[in-house]
Amino acid sequence: MTRIRQLSVLAAAATAVGCVLGCSRRTTRPVTTQVVVLGFDGADPNLLSKWAKQGHLPNLARLAQSGTFDSLGTTNPPESPVAWASFATGLNPGGTGIFDFLRRDPQTYLPELALVTREKPEFLFGMIPIKAPKVTNERGGIPFYKAVADAGYKTTVVRMPLEFPPTPLPGGKLLAGLGVPDLRGTWGTFFYFGSDLTQWDVGDTEFGGKLVRLELDGNRAASTIEGPADPTAQSFRRISVPVEFSVSPQGNAVTIRLEGQSETVAERRWSRWFRVKFKITPFLSVRAICRFYVLQVSPDLRLYMSPLNLDPESPALPVSYPSGYAASLASKHGLFKTLGWWHDTWALNEEKIDEGVFLEDMFQTTETLAGVTLDELKNDPPSLLVSVFTSTDSVSHMFYRLMDPQHPRYDPELAKQYGDAILRVYERMDLVVGDVERAMKPGGTLLIVSDHGFHTWRKGFNTNTWLVENGYMALKNPGAQEKTYNLDQLFGQGSFFPNADWTRTKAYALGLGQIYLNLRGREKQGILDPGPDTDRLLEDIRQKLMAFRDPDTHEPVVEHVYLAKEIFHGPYMSRAPDLQIDFRDGYRTSWQTSLGAIPSGIVVANMKKWSGDHCASDPSDTSGIFFSNQRVKTPHPSILDIAPTVLKILGVGPPGELDGRALELEPSGEGKTRSGR
C-alpha cells in the first residue's frame, strides 16, 4: 500500500485561504434547540447493565429510569470504522463503502487501508514542493453533522472517526479521530529504546513497534528517531533526528535531549511533550510531538516513546476544520495526541509497557477529551455537538483477559491489580455523562451511543489455512515455512501472499472476517467465471465453515457466514467481500489472517494481551448501547437510525435516501419509562 506522505505547507495555506474566503461570512442560526450525541466506542450493554444495577454508574442508571436505555443494533461486521461510517451517514456498508479496516487491491492482492486513498507529492529538482499529496476520505454518504451545518446550525464535532481528511462544516468545527495517521504514515508506530536489546532484537515488531538498541558510553547513549519517509528520495528511506539519553549520577532519572529541548525524567514517569521537526528539503519541514516514559534506569536503560503524533499547532496533514481549530485547542488545553488510534494498545500488546503505564496514559488522554467537550458546551455552545470517546473500546481490547479466567492470558495476580480496569473506564464514562448533562442547554436532547459491544477472544481462526486444507486455496510450495507479517509492512506494501498459487486458487481471505473469490476479470489472476458455479462454490464454503468444529472442544466456531448480497446494498458493492464470516463468542480471525498470511494450524490460542474483541462477531450478540434523556417509542433502535433521528429533531431534511429511520421521541415526563435491558 502506498505510504501516507506529508502535506506540504502549500496545501495548508490553501486550506486556510479557503476557510477565510468561504467560512468567515457564514451566519448560523441562534442556538435555541440543542442536540448532544456522545459516542463511547465499544461500550457493551451487558457490562453496562450489570454495573449500573450494582450502583457503579449512577448517572446512566438515572437516565435509564427517566429516559431510555436499550441495546443498539450494529453493522455487519460490527467493526468500529464500519459502524461509525453508518452512524455518520445512516447508510449500510454498501452505501458507505467501508466494510473493514482493510480492503484488498484485486490487481495486486495486497492489503490496503480502506479509509483513505493517497497520491504522492511532487518536487521540483527534488527540493521545491510543487504538488501537495492528496488524501481522499473513502467513506461514501453525507454525514448528518454536515447536513446540519449546511442548514445553518452551529455544529461542533470532536474526535469523529473516519473524518480524515476532515469534512468542511460551514460555520462549524471538527476535530478528526480514528483514521488520522502518525507522522510515519502508520496508525501509531511506538518506539522502544533499550540497552537490554541484542543486535538480533532490533527492528519492527508485529504490532506497530520499533525496537532500538541503546549502547551506553558511560552514562550516555545516543540514538536516532526514524520519522517520515522521504518523499524526494528515489528509493525508500526515512528521515531521522538524533536523540540523546543521559543517566543521572544518582542512577534514578534520565535526561532526554531532543531537538534543542531537554528534560530530566525520573524512573516510572512520563516526560512532557517534545516537539520534533523533520527536514524534508531546505524549503519544507514537517513537525511532530512525542513523549517518553522512563521504564527503567538500571541495570538496563529502557525507555518507551509514543508514536510521532502530528503537531496540532502545525499539522503536516489536516486534522481539523477549520485548519486552525486543532491549534486553538492546543493553545487552550495543551498539546494533545492527534493520532486517530488514540491509546497505546500496540505497545501493551507487544509487552513493551505494562498495564499501569497504559492506564495512566489512557486516563490522561480521556481527561483531555472530556475537558474539550465540556469547554465547547459551556463556552461556545452549538446547536449540535458530537463527541466520541474511545477509551471504553481500547481498555476492553486489552483487559478482557483479566475478567475471563478461561482466557489463555488470564493472570490471577494481574487480575487483583487491574481486573477492574474496564469498570473504572465505565465509571469515568458515567462522570462524563453527568458533567455533559449539567453543561447542556435546558430542554436539549442527549443521545448516548456505542458502535458495538464486546466479547472475550480466546482463540484465533486461520482462515487462509482452512481454505488451503479444504482445497480452495493452493500454494506454490506447500512445504515452505509461511512468512509472517507486521503492521509496518502493511504501510510499506510488503510482499503479501508470497506462496499463493493464483492459477489454482479459488478463494482467499484478508481482513477481519472476509473471503474473496479469485474471479476472472476482477482479480488480476482470476480463474473463476461469475455464474451458477461460483454461487455453488460460495454456498459450499459457507456450509463447510458452519460445520467446522474446534478440535479441542468439538464446539462450533462460526456463528454465521453471509453472502454479500444478503447483508449489503448500495453503490459500493464492488468493494464488498464475497463472504463475511461472523464468529462465536471466544473466537476471531487471527491477526496473521487479517494481513493475508497462511500460518500453521487452524484454531490457535490467543496468547496476546489483546484479549477482547468484536470485529468478526455476529451483530445479533454484539449490540452497542443506546441512551436518551427522552423516552423513545420506536423499538429496536439501530446505529443507522442516529443520523435520521438527529436530522428530524433539528428539522433538517435528509441529504438523500437513508437506510436508517428516525426514532420517535417523547418529551420527558410523558409516557412510560422504557429500558431494553
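The values are calculated or read from the model by the stated rules, or taken from the named source; none is laboratory data. Since the model is a prediction, treat every value here as computed from it, not as a measurement. Don't worry about glycine lacking a Cβ; one is built from the backbone with ideal geometry, like all the others, and counts go over all protein chains shown.
A compact table of results
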| quantity | calculated |
| --- | --- |
| Residue match in region 172-188 (condition: more than 24 Å from ALA326 (Cα to Cα) and not acidic (Asp, Glu)) | no |
| Filter result (closer than 15 Å to SER86 by Cα and touching a Phe, Trp or Tyr at 6+ places or on another chain (Cβ under 7 Å)) within region 134-177 | ASN137, GLY140, PRO161, LEU162 |
| Verdict on VAL319 being assigned by TED's automatic domain parsing to the domain that holds LEU175 and touching a residue at least 24 places away in the same chain (Cβ under 8 Å) | yes |
| Verdict on LEU402 being in contact with a Lys or Arg (Cβ under 9 Å, 6 or more places away or on another chain), assigned to a helix (DSSP H, G or I) and of a type in the set (A, V, I, L, M) | yes |
| Residue in region 517-538 that is at pLDDT 95 or above and crowded, with 22+ Cβ neighbours inside 10 Å present | yes |
| Where PRO312 falls short, out of the listed (1) under 30 Å from the mean Cα position of the chain (by Cα); (2) surrounded by fewer than 22 Cβ atoms within 10 Å (Cβ to Cβ) | (2) |
| Search result, residues across region 155-178 that are surrounded by fewer than 23 Cβ atoms within 10 Å (Cβ to Cβ) and under 21 Å from GLY653 (Cβ atoms) | THR167, PRO168, PRO170, GLY171 |
| Selection count, region 59-99, where residues are touching a helix residue (DSSP H, G or I) at 6+ places or on another chain (Cβ under 7 Å) and closer than 20 Å to ALA507 by Cα | 1 |
| Selected residue (criterion: surrounded by the most Cβ atoms within 10 Å (Cβ to Cβ)) from residues of region 315-349 that are among the hydroxyl-bearing types (Ser, Thr, Tyr) and in contact with a Ser or Thr (Cβ under 6 Å, 6 or more places away or on another chain) | THR345 |
| Residue match in region 371-392 (condition: touching a helix residue (DSSP H, G or I) at 6+ places or on another chain (Cβ under 6 Å), in a helix (DSSP H, G or I), among the hydrophobic types (A, V, I, L, M, F, W, C) and surrounded by fewer than 17 Cβ atoms within 10 Å (Cβ to Cβ)) | yes |
| Region 496-508 residues that are over 11 Å from MET473 (Cα atoms), paired with ones that are among the charged types (D, E, K, R) and part of a loop (DSSP other than H, G, I, E, B) (beta carbon under 9 Å, 6 or more apart) | PHE496/LYS483; PRO498/LYS476; PRO498/GLU482; PRO498/LYS483 |
| Residue list for region 552-581, filter: of a type outside the set (A, V, I, L, M) and surrounded by 23 or more Cβ atoms within 10 Å (Cβ to Cβ) | PRO577, GLN580 |
| Test result for PHE236, hydrophobic (A, V, I, L, M, F, W, C), at pLDDT below 95, within 30 Å of ILE130 (Cα to Cα) and under 32 Å from the mean Cα position of the chain (by Cα) | yes |
| Complete set of residues in region 424-452 that are under 30 Å from MET398 (Cα atoms) and in a loop (DSSP other than H, G, I, E, B) | SER450, ASP451, HIS452 |
| Strands (runs of 3 or more DSSP E) contained in region 37-153 and holding at least 3 residues crowded, with 24+ Cβ neighbours inside 10 Å and touching a residue at least 40 places away in the same chain (Cβ under 8 Å) | 68-72 |
| Qualifying residue in region 418-426 (condition: assigned by TED's automatic domain parsing to the domain that holds PRO599, in contact (Cβ under 8 Å) with a residue 24 or more places away in the chain, surrounded by 19 or more Cβ atoms within 10 Å (Cβ to Cβ) and within 26 Å of ASN76 (Cα to Cα)) | no |
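This table checks each residue for (1) buried (at least 23 other Cβ atoms within 10 Å of the Cβ); (2) more than 23 Å from ALA64 (Cα to Cα); (3) modelled with pLDDT of 95 or more.
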| position | (1), (2), (3) |
| --- | --- |
| LYS416 | no, yes, yes |
| LEU431 | no, no, yes |
| HIS452 | yes, no, yes |
| TRP457 | yes, yes, yes |
| ASN464 | yes, yes, no |
| TYR472 | no, yes, yes |
| ASN477 | no, yes, no |
| SER495 | no, yes, no |
